[in-house]
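Comments concern the structure below.
Here, each number is a calculation from the coordinates, and none is a lab measurement. Keep in mind the model is a prediction, meaning the values are calculated, not measured. Heads up, the Cβs are rebuilt from the backbone with ideal geometry, glycines too, and the neighbour counts pull from every protein chain shown.
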Amino acid sequence: MSAPTLFDALAPQPADTLLSLIALHRDDPRPHKLDLGVGVYRDDSGATPVMRAVKAAEARLLETQSSKSYLGPEGDIRYAELLQPIVFGRAVPADTFVGVQTPGGTGALRLAAELINAARKNAKGPGAKVWLGTPTWPNHAPIMTAAGLTVATYRYYDQATQTVLFDEMMAALQGAAAGDVVLLHGCCHNPVGADLDRSQWRAVAEVVAQRGLIPLIDLAYQGLGDGLEEDAAGARLVLDAAPDALLAYSCDKNFGLYRERVGALYAKGGTPARTELMRSNILLLARVNWSMPPDHGAALVRVILDDAALTADWRAELDGMRSRINRVRQALAAGDPWLAPLGHHRGMFSLLPLSPDQVATLRREHAVYMVGSGRANLAGLTLDTVPQFIDAVRAVR
Ligand SMILES: Cc1ncc(COP(=O)(O)O)c(C=O)c1O
């Protein structure tokens, strides 16, 4: 028996429920089982394929890459530049925008949170509470608090009636203090699937500007909702209205690069001097977190976006993925009035008004796998399996 050590003081942490769901699904022998759990895109055959343009870029990179020497904490600068027209609709001015490569959208969010916290600690006054609409991606609050920030919440969505609580959101933002941060899902809300419409985005942009709030936009699914341009439209309205803003981007879904960890953090500063402060602090924080981000995935995105033919092929395949998800959504909405809201939602996820018990019954009796909150990844369905899903949901309601 060894003597107690420092690590005996660690608090036990719950196991990741998604990982146990994966294992349960894998070990289920029923051939008709449906996996609506894990948050990755699936094609009609249930696969999460490497995109064609990514395969081609990998072959090209293998041929042409001549060194794997270190880059800097900003990662692949050309990658972050080439993404600008996709994210912002144009190249943004270098004296008021900083863009760095990060390990996934998660790394971008963590870096954003640490930047806010570094500023908050130096600023006089309370400042920089982070406002989250609930429910939200389960990692948002832990990332913010791990970086030292305080989280405040408002209700964004009512699961039972499947409606966005826009009035509650606006009331919360109108009550937020200048310098507070408001985290916004750019498109394809995870987990609820319901996004703001154009006039709601306009109202959010106005309140952000009026109250001096700092938007932190999480854009992790661009192109999987209504289209690359459409999915960034709300984010662009808010970015235009706010002098200072942060945008955490992920290429892990729209380029299908998940495990390669491809993201970017963009920071907009109201003046060149402030932007320079943001830049030097972002680089320092990247350096103490991961020194520099992993190269391969971002290099692939760079190769694709630097080549017109590869870009066109990437866009075409992304269009196909989006259309497939939206066809499944329309079939569900047409198949049962209870599922009608899903036709208006966008992205892979919708939060169904099901209790944890109903979700457990779906798994046990109908081999339908979903996370306990009722979030369904609709990319796990095909037009052929939609009727089976509708029957299963009817049986447990
Ligand atoms: C809303 C949201 N933001 C950010 C991320 C992070 O994505 P990444 O895998 O690039 O870290 C996810 C991933 O599931 C997400 O759903």
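Summing Cβ point charges (Lys, Arg +1; Asp, Glu -1) relative to the Cα centre of the chain gives a dipole of roughly 420 debye.
Fully extending the segment from L6 to H296, taken as 0.36 nm per residue of separation minus the present Cα-Cα distance, adds 100.7 nm. Peptides 223-231, 99-107 ranked from most to least packed, by the mean per-residue count of other Cβ atoms within 10 Å: 99-107, 223-231. Of the beta bridges in the chain, as assigned by DSSP with both residues counted there, near 50 percent are antiparallel. Once both labels are positioned 7 Å from their Cα atoms along Cα-to-Cβ, the gap between Q200 and A91 label points is 3.6 nm. With a cut-off of 11 Å between beta carbons, the residues surrounding M292 carry a summed charge of -2, where Lys and Arg count +1 and Asp and Glu -1. Here the label points at H32 and Q174, each 7 Å from Cα along the C-beta direction, are separated by 5.2 nm in the simple model.
Helix-only arithmetic for the chain: the sum of -39500 (n - 2.57) across DSSP H runs with n ≥ 4, divided by the residue total, places the mean residue ellipticity at 222 nm at -14000 deg cm²/dmol.
Calculated FRET efficiency, T150 to R52, Cβ-Cβ distance, R0 = 45 Å: about 0.50 to the nearest 0.05. Against the longest alpha carbon principal axis of the chain, how many degrees, from 0 to 90 and to the nearest 10, is the axis of helix 296-305 turned? Long axis of 296-305 versus the principal axis of the chain: about 90 degrees.
Between N139 and R394, take the C-beta separation as r, use R0 = 51 Å, and let me know the FRET efficiency to the nearest 0.05.
So the FRET efficiency works out to roughly 0.95.
If you take the square roots of the eigenvalues of the alpha-carbon gyration tensor of the range 224-277 and sort them as a ≥ b ≥ c, do you get rounded (a/c under 1.5), prolate (a/b over b/c) or oblate? It comes out oblate by the Cα gyration axes.
Taking square-rooted eigenvalues a ≥ b ≥ c of the alpha carbon gyration tensor, is the chain rounded, prolate or oblate, where a/c under 1.5 means rounded and, failing that, a/b exceeding b/c means prolate? Since a/c stays below 1.5, the shape of the chain is classed as rounded. Using 0.36 nm per residue and subtracting the Cα-Cα separation, the extra length available between Q13 and R259 on full extension is 86.2 nm. All other residues whose Cβ lies under 14 angstrom from that of G179 are scored, Lys and Arg at +1 and Asp and Glu at -1, for a net of +4. As a calculated quantity, the FRET efficiency between D44 and N289 at R0 = 41 Å, using C-beta atoms, amounts to about 0.55. Protection proxy ranking for 3-10, 117-124, 32-39, using the average of other Cβ atoms within 10 Å per residue and placing the highest first: 32-39, 117-124, 3-10. A dipole drawn for the chain from +1 and -1 charges on Cβ atoms has a positive end, and of L305, L6, S66 the residue lying farthest that way is L6. Checking the cross-link filter: which aspartates and glutamates have an alpha carbon closer than 14 Å to that of K253, excluding same-chain neighbours under 8 positions apart? Straight-distance partners of K253: D43, D218, D231, E317, D319.
Ordering Q174, A264, N254 by the projection of their Cα atoms onto the charge dipole of the range 66-305, which places +1 on the Cβ of Lys and Arg and -1 on the Cβ of Asp and Glu, puts A264 at the extreme positive end. Within the straight-line cut-off of under 12 Å between alpha carbons, the aspartates and glutamates reachable from K268 are D95, D240, D244, E276, sequence neighbours fewer than 8 places apart in one chain being disregarded.
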